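Let me begin by presenting the structure, written as C-alpha cells, before commenting on it.
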Amino acid sequence: MEEPRRTALAHWGFPAFFAGLGGYHLATLLITAVSADRFAEIDIADPPVLGPLLLLLFVPNALLGLGPVVLSWWRGGGPRRDFGVVPTARDVKVGLACGGLSLLAAWVLGVVLLRLRRDTSSPLEEIGALSGGKSVWLALAALFVVVGAPLTEELLTRGALWGALEHHRVPPLAILGLTSLIFAFLHEESWRTVSLFAQGLAIGAARLITGRVPASVIAHATNNLLPAAYLYAGAS
C-alpha cells in the first residue's frame with residue numbers, strides 16, 4: 001500500500017500545524033488560569049484526589065491533533081487518505097523496532113541526565129501523586145499516554161508538518177531533525193531535551209523508512225508503554 005498523496009498538504013499542512021500548536025498553548029493557558037487558585041495551596045505530601053479532573057491535564061495534548069484532523073476534513077481528503085491512519089503490517093514491524101530503539105535511547109540518556117541533575121521530577125509522577133491511587137481515571141490517563149498522545153503528536157509533527165515540508169522539497173534528514181526538535185520542545189521538560197530529541201529521531205525514523213504516519217504512531221506508542229505502566233503501577 002503506497003502512502004496517500006499529500007499534494008494538498010502544501011496548502012493546509014502549515015496552517016494545520018500552527019492551529020494544533022495554537023490550540024495546545026491556548027488550552028494550557030486557560031486551564032492554568034482556571035486552576036491556579038484551586039491548586040495553589042496543594043500539599044504534594046498529602047494531595048487531594050482529583051478524579052476526572054486528572055483528564056483535564058491531557059486536553060491541551062488532545063488539541064495538538066485537532067488542527068490536522070479538522071483541516072484534513074475541511075481542505076484535504078480526510079485523515080485516512082491524507083495521513084494513512086490505518087497501519088500496515090510493515091508499519092507495525094518498523095514501528096515496534098523504532099519504538100524499541102527510542103526506549104533504549106531514553107534509558108541510556110536518562111541515566112546520564114539523572115546523574116547530572118538529581119532534583120528532577122516527571123510530570124507523570126505529579127499526575128500519579130494527584131490521582132489518589134489506582135482508579136479508573138488514572139487508568140484512562142495511562143491509556144491516553146499510550147494511545148492518545150502518540151496519535152495527536154504524530155498527526156501534528158510527522159503528519160501535517162512533515163508532509164508540508166516534504167512537499168516543499170526540504171531534505172528528508174532535515175525534516176527528521178526539525179520534527180524531532182519540535183517533538184522535544186513540545187514536552188516542555190528542559191532537562192530531558194537531549195533525550196527527547198534522540199527519542200524523536202528514533203520515532204521519526206519509522207516515518208522516514210516507511211513514508212507513513214502510522215509507523216511513527218506505533219513507534220511512539222511503543223515508546224510510551226513503559227511510562228504509562230509506571231504512571232499506573234507507581235500510584236500508591
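Determine, for each peptide in 156-166, 100-110, 12-22, the mean count of other beta carbons within 10 angstrom over its residues, then list the peptides with the highest first.
Final packing ranking: 156-166, 12-22, 100-110.
At a Förster distance of 22 Å, what's the computed FRET efficiency of R90 paired with H167, Cβ-Cβ distance as r, to 0.05? The partial results should precede the final answer.
Numbers: r = 23 Å, r/R0 = 1.05.
It comes to 0.40.
What is the Å³ per residue value for the convex hull set by the Cα atoms of region 177-236?
Per-residue hull volume (Cα only) is 82 Å³.
With θ set to phi - 60°, apply the Karplus curve 6.51 cos²θ - 1.76 cosθ + 1.60 along region 148-160 and write out the HN-Hα couplings as whole Hz, x wherever there is a Gly or Pro.
Per-residue couplings from phi come out as x, 4, x, 5, 5, 5, 6, 4, 6, 8, 8, x, 5 Hz.
Read-outs throughout are calculated quantities, based only on the coordinates presented, and are distinct from any laboratory measurement. Here the structure is a predicted model, which means the values were calculated and not measured. Glycine gets a Cβ as well: all are built from the backbone with ideal geometry, and neighbour counts include every protein chain shown.
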